[in-house]
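Written out below as structure tokens is the structure these notes cover.
FYI, it's all coordinate maths here, none of it is from the lab. Computed from a prediction, not measured in an experiment: that's the story for all the values here. Glycine also receives a Cβ, built like all others from the backbone with ideal geometry; neighbour counts cover every protein chain displayed.
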Ligand code: 3HC
Ligand code: NAI
């Protein structure tokens with residue numbers, strides 16, 4: 001079956017694209033499209049053209065898997081030029097999402113119609129490139145600079161309605177009538193003497209204010225920092241206003257080639273594919289079908305329980321939430337409502353949607369209400385005894401086919417499963433805080449978890465919009481185990497003469513949104529701290545004893561003003577220096593390079609151990625965890641991809657160089673082997 005077919009409808013030639021799953025413009029598709037364009041040019045009886053697509057969207061754009069190899073003709077820019085050069089009008093019918101090359105091809109057509117649900121955009125910047133098939137030059141000519149800049153630089157698509165408002169789409173048409181309306185439109189315009197041609201338009205860019213670009217740069221300075229692609233996107237649009245089209249396009253091509261071959265784009269493309277790969281479980285029988293889940297139970301209405309419940313309520317599931325005491329239940333429910341209302345105020349939900357979501361929630365004090373739930377997620381205190389007790393009760397209360405999950409951060413999921421008569425129905429579902437916002441979900445596979453339960457969890461994760469990664473059972477699973485490796489070194493560095501601000505700054509410079517001590521202050525230093533058992537034996541304990549329990553108390557490792565801005569704290573630093581002096585370590589000036597190596601190399605090493613032990617299925621899964629759950633800068637690809645990029649021999653040499661100061665770091669054999677053979681973690 002050809003991926004592009006043509007049908008005659010009187011004087012109109014309908015060209016249909018059909019390349020599941022996302023109608024990407026692969027070499028094969030481009031060739032077939034070019035043939036169709038040739039057919040139009042050669043046939044005098046064709047007076048107008050409709051380009052349309054089969055499937056659930058118009059197109060996800062160029063085929064990203066082909067990036068990095070030598071360009072094959074016809075390239076996408078060549079194909080779009082050929083469409084634009086036809087002396088017959090071309091109407092494109094967007095049956096859904098049109099991204100990247102999918103939007104650029106639309107810009108090369110004379111007329112564009114779309115269904116109401118279509119989303120149109122240029123997300124290239126998110127994979128570290130810029131639109132390279134004319135998007136940076138045609139879009140500003142069609143919609144003007146002020147509308148084009150955010151679309152190209154943020155990569156966020158616009159709705160069909162917005163597209164119509166700004167002139168990117170000519171008409172909005174009901175989905176069922178799209179094909180017929182497109183043909184009728186083509187007939188309607190066939191007789192016109194002239195048609196709009198994007199690349200030749202100047203009406204929207206003439207006289208644009210050159211100050212707009214610097215203002216845009218200033219407004220988005222933070223999100224642009226350290227990133228190559230957005231800067232080039234802005235420059236390319238700026239050039240569209242100053243250079244003739246052909247020269248602008250030549251610059252766009254030059255920027256595209258530079259970016260696509262750069263490390264940042266390689267890393268971001270890795271992140272894109274790794275996230276999608278993470279949802280696939282090796283060795284699972286092909287025919288396993290996920291179990292139906294309609295009603296979800298949540299135990300605990302605290303920080304995590306409430307956030308987890310919101311995921312399911314938003315996605316349309318009925319939720320029963322259980323607490324021990326009425327006040328805790330009321331507090332938890334009130335916070336959920338407050339969060340929903342804040343979302344509504346930002347215009348991301350309607351009032352009716354808020355009420356509908358809250359209406360699906362049943363808050364209760366009696367565990368018996370969980371009897372008919374298909375899935376129950378426990379989010380009570382992080383104490384094994386309590387979890388065991390809860391799972392023992394669940395086993396007697398819940399229907400036999402119900403799935404029982406724990407949101408534990410560290411505890412042994414196998415031991416929890418062993419408290420039930422159905423360990424095959426038990427697994428970990430480790431959400432991240434704030435659970436209604438963070439995209440990551442670690443799905444913890446117990447030794448006995450059944451393939452069907454695992455498949456159900458992956459399916460559910462997709463339905464509630466999470467990026468799921470499978471982890472085996474170990475202390476802290478993938479993410480927190482590696483975080484522990486980093487935190488050990490952060491603490492050790494304080495004992496050797498560094499201060500929190502220096503340690504944190506190194507990670508900020510690397511691209512993390514915050515460093516380990518900022519993170520500790522945000523989470524609260526008193527997590528797991530017991531005022532009755534405190535013994536002044538660690539920096540953290542003493543800070544808690546002094547009432548410095550983090551941001552919420554106005555001080556922790558840092559001092560915080562009213563505006564929550566941090567400043568280095570003399571009081572906290574004095575505590576640190578006191579412990580450091582008594583630690584027996586030589587106090588020295590530590591370079592930023594050493595800090596970076598000490599924090600990040602042990603994480604890579606822990607990741608290698610995690611792979612070696614089979615806790616993670618693949619290196620890309622570890623990268624997905626860190627990019628989506630812990631703020632690892634995506635443009636470096638995640639810890640394992642970053643290590644591949646800088647060279648595993650370099651990482652190993654660094655670990656060996658610092659070995660004396662890191663006696664607890666056991667170097668992974670997998671890392672040694674790969675370093676010796678010049679291998680990589682990611683294929
Ligand atoms: N090229 C190659 N494969 C792609 C692809 C693309 N542009 N877009 C998606 N895929 C693949 C995915 O890897 C996945 O493969 P798998 O089934 O083997 O895992 C499959 O298609 C389905 O993708 P999703 O699971 O992401 O499907 P969704 O329905 O959730 O989302 C989408 C669809 C919104 C189109 C999303 O896939 C997406 O955002 N894709 C990338 C869009 C993009 O960045 N386009 C720009 C490309 S660059 C370009 O056009 C360059 C030009 O300027 C020269
Ligand atoms: P929390 O203290 O905010 O909430 C726990 C809630 O459980 C409390 O409201 C408590 O009243 C309730 N509870 C305790 N025993 C109960 C029982 N037997 N029946 C019903 N309710 C009961 O704790 P938080 O932060 O929500 O953590 C819950 C779990 O999630 C822990 O296992 C934690 O390790 C894990 N987790 C926490 C994260 C975080 O950032 N806070 C992140 C990921 C996981």
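Could you list the square roots of 5 times each eigenvalue of the Cα gyration tensor of region 299-408, that is, the equivalent ellipsoid semi-axes, sorted largest first and rounded to whole Å?
26, 15, 11
Considering only DSSP beta bridges where both residues belong to region 295-477, give the percentage that are antiparallel (nearest 5).
Taking every DSSP beta bridge within region 295-477, about 15 percent pair in antiparallel fashion.
Counting other beta carbons within 10 Å of each residue's own, what order do 576, 281 fall into, fewest first?
Least crowded to most crowded, the residues run 281, 576.
Based on alpha-carbon centroids, what's the gap between region 618-651 and region 474-547 in Å, whole number please?
21 Å
Using a/c under 1.5 as the rounded threshold, could you call the chain rounded, prolate or oblate? The axes a ≥ b ≥ c are square roots of the C-alpha gyration tensor eigenvalues, and prolate needs a/b larger than b/c, oblate otherwise. Display every interim value, and only then the final one.
Numbers: a/c = 1.99, a/b = 1.54, b/c = 1.29.
The shape class here is prolate.
Normalised by the residues of region 4-261, what does the relative contact order come to in percent, with Cα pairs under 8 Å and at least six apart?
19 percent
Considering only DSSP beta bridges with both partners in the chain, what is the antiparallel share in %, to the nearest 5?
Of the beta bridges lying entirely in the chain, close to 30 percent run antiparallel.
For the chain, what is the relative contact order in percent, using Cα pairs closer than 8 Å and at least 6 residues apart in sequence?
Value for the chain: 9 percent.
Could you list 635, 73, 658 in order of exposure, starting from the residue whose Cβ has the fewest other Cβ atoms within 10 Å?
Neighbour counts put them in this order, fewest first: 73, 658, 635.
Output the Cα-based Rg and Dmax of region 4-261 in Å, rounding Rg to one decimal and Dmax to a whole number.
In Å, with Rg to one decimal and Dmax whole: 17.3, 55.
Is region 498-582 rounded, prolate or oblate when judged by the Cα gyration tensor, a ≥ b ≥ c being the square roots of its eigenvalues, rounded requiring a/c under 1.5 and prolate requiring a/b larger than b/c?
Prolate.
Given the -39500 (n - 2.57) contribution per DSSP H run of 4+ residues, what per-residue ellipticity at 222 nm results for the chain, rounded to the nearest 500 deg cm²/dmol? Write out the running numbers ahead of the final one.
Values: 28 runs with 319 residues, N = 683.
Helix-only estimate at 222 nm: -14500 deg cm²/dmol.
If you project the alpha carbons of region 593-675 onto their three principal axes, what span does each projection cover, largest first, in Å?
The principal-axis extents, from largest down, are 33, 28, 21 Å.
Taking a ≥ b ≥ c as the square roots of the Cα gyration tensor eigenvalues, with a/c under 1.5 meaning rounded and otherwise prolate when a/b beats b/c, else oblate, which class fits region 176-281?
Numbers: a/c = 2.34, a/b = 1.25, b/c = 1.87.
Oblate shape, in that a/c is at least 1.5 and b/c is the bigger or equal ratio.
Using a 10 Å cut-off around each Cβ, can you sort 270, 220 from fewest to most neighbouring Cβ atoms? Can you show the working numbers first?
On the way: 270 28, 220 16.
Fewest-to-most Cβ neighbours within 10 Å comes out as 220, 270.
Given an 8 Å cut-off on Cα distances and at least 6 residues of separation, report the relative contact order of region 498-582 as a percent.
Numbers: 100 pairs, mean separation 19.9, N = 85.
Worked out over region 498-582, it gives 23 percent.
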